[in-house]
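Please read the structure below before turning to the comments.
Laboratory data are not the source of any read-out in this text; all were calculated from the coordinates shown. Note that the coordinates shown come from a computational prediction; the quantities given were computed from them, not determined experimentally. Cβ atoms come from the backbone with ideal geometry, glycine included; neighbour counts cover every protein chain shown.
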Amino acid sequence: MSVQFLGGTRTGAGGQPLPFSPAVAAGPFVFVSGQVAMGDNGELVPGGIEAQTRQTLRNVEKALALAGCTLKDVVKSTVWLDDARDFWTFNRVYAEFFSENKPARSTTQATLMIDAKVEIEVIAYRA
């Protein structure tokens, strides 16, 4: 089985290098590291759970694209919400991105490592 570490070196706030790959392809599977609502400048996008969920899922899409995948290839997602009260708003936005192919999903409340409202990681399958 071949393994590809995709995305090269990424940087976070202040240009600090991040010690992980955005995506790793292992055989037909693609593992996307947890994504948060960082914009292209490495800073969290302003706004509440709705804006952060949209940006986070766009970042998931970008990481999947590194392996030639789309959201339609996602078979499993794991979601961490900073505040359980955001669940229904998060769910509404998430459903816009996964309207047809609905992957298996786990969602829990957790204190995130940065001041984000949501973090999402996914596993995709490349046929």
Could you say whether any residue in the range 108-124 is among the polar types (S, T, N, Q) and in contact with a strand residue (DSSP E or B) (Cβ under 8 Å, 6 or more places away or on another chain)?
yes
Are any residues in the range 71-87 within 22 Å of R126 (Cβ to Cβ), surrounded by 13 or more Cβ atoms within 10 Å (Cβ to Cβ) and either polar (S, T, N, Q) or more than 12 Å from the chain's Cα centre (by Cα) (or both), and if so, which ones?
D73, V75, S77, T78
